[in-house]
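The values are calculated or read from the model by the stated rules, or taken from the named source; none is laboratory data. A quick note: this is a predicted structure, and the numbers were derived from the prediction, not measured. Cβ placement follows ideal geometry from the backbone for every residue including glycine, while neighbour counts extend to all protein chains displayed. The accessibility values were calculated without ligands, DNA or RNA, using every heavy atom of the protein model including side chains. Shrake-Rupley method; radii C 1.70, N 1.55, O 1.52, S 1.80 Å.
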Amino acid sequence: MSTMSQRSHLTNSEAWRVVGRLEGGQTQAEVAQAIGVSQSVISRIWNRFLETGSAGRRPGQGRRPATTPNEDRYLVITARRHRNMNATVLQQHIRLAIGTTVSTQTVRNRLHGVGLYARRPLVRVRLTSRHRRDRREDRGSRNNPAFVPESVRFGGGGVLVYGGISIDGRTDLYIIRYGSLTARRYMDEILRPIVVPYAAAIGDDFILMDDNCRPHRANLVEGFLFEEGIVRMEWPACSTDMNPIKHVWDALGRRVAGRQPPPKTLQELERALLEEWNRIPQLVINSLINSMPQRCSTLLAVRGNHTPY
């Protein structure tokens, strides 16, 4: 929610700065946009200055504030200490703690006045000490092809797909139909017809990077990769933020969601996925893979904790 829809007046010092901007040649619309209030507020301040010679509000003018300065400070301190509290919880807290009853809108106004705004919490996978240690060991940091099966959800149905990326290349997108992905299907439908030819085309530099889901780590798959001479990259658990293909899936989902008209059936969704997969610029994929050194440096800097990727 923007400050423009919240602030109906400015402090005296802010009002005088508005007058200075207007006298300096800025328009009311420009000043309103720069400060973050509606143009009617700026117009009211300017008219007051022209009529009275003063931009500030007269003592006693306007409605009495719902909270005192001390109550405002208490509210701000509480919000900063407990960032997971929303306006409703803070309203109840201040009523129980100091006996002051205010509206949730008043709570928002006071917090917005000091630059505190609501934010959606960032939900991440819980990391244990072992996860952090494994991530710090940095065993999977080489810039090599990434292969990860993922489910792309859309509306009431879903489609399970598989795709692989590498510098200057990608595999075809494969639609996994009729049930879930097992180790046998992973070997017969993906590794043998897709990964093995792709690895042969790349040559000795090929290293497979997949995640730790059960079909990928089954003994059947391990044996098949060994027989084919395909080297697999070690990959610590709970490390989706280190996998560049996650951003490719995100880009693919956004492209499909932005189609007009959007897919309405699973068949239309499959067709859209196949078309948009091939339209993702290779430069985007290359940039994501080339970001691996920076991802690893960031991971080590936070000692294996969550990263912003």
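A compact table of results
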read-out	value
Packing rank of 79-91, 10-22, where each peptide gets the mean count of other beta carbons within 10 Å, highest leading	10-22, 79-91
Share of carbon and sulfur in the accessible heavy-atom surface of the chain [1.4 Å probe, %]	50 percent
For region 98-114, Karplus couplings with θ = phi - 60° (6.51, -1.76, 1.60), whole Hz, Gly/Pro x	10, x, 9, 9, 10, 7, 5, 5, 4, 4, 4, 4, 5, 6, 4, x, 10
Cα-based helix-to-principal-axis angle, 266-279 vs the chain, degrees rounded to 10	90 degrees
Placed amide H near Ile176: partners under 5 Å, 5+ positions off or other chain	Leu160, Val161, Tyr162
Under the Karplus curve 6.51 cos²θ - 1.76 cosθ + 1.60, θ = phi - 60°, whole-Hz ³J(HN,Hα) for region 197-208, x wherever Gly or Pro sits	x, 5, 5, 5, 5, 7, x, 5, 7, 6, 9, 7
Helix-only [θ]222 nm of the chain, DSSP H runs n ≥ 4, -39500 (n - 2.57) each, per residue, nearest 500	-14000 deg cm²/dmol
Size of charge dipole - the chain - debye, nearest 20, with Cβ of Lys, Arg +1 and Asp, Glu -1, no other charges	1960 debye
Cβ-defined net charge surrounding Pro193, 13 Å radius [Lys, Arg +1; Asp, Glu -1]	-2
Solvent-accessible surface ranking, highest first, for Arg254, Arg136, Arg73 at 1.4 angstrom	Arg254, Arg73, Arg136
Per-pair calculated FRET efficiency, R0 = 25 Å: Lys264 and Cys213 via Cβ, rounded to 0.05	0.25
Nearest-ten-degree value, helix 12-23 long axis tilted from longest Cα axis of the chain	80 degrees
Region 43-56 - phi-based ³J(HN,Hα) in whole Hz, Karplus 6.51/-1.76/1.60, Gly and Pro as x	4, 5, 5, 5, 5, 5, 5, 5, 7, 10, x, 10, 8, x
Dipole axis of region 192-309 (+1 Lys, Arg; -1 Asp, Glu on Cβ), positive-most option in Leu269, Ala200, Leu220	Leu269
Label of the coordinate-derived value, percent of Cα pairs over 34 Å apart, listed as [x] 46; [y] 19; [z] 50	[z]
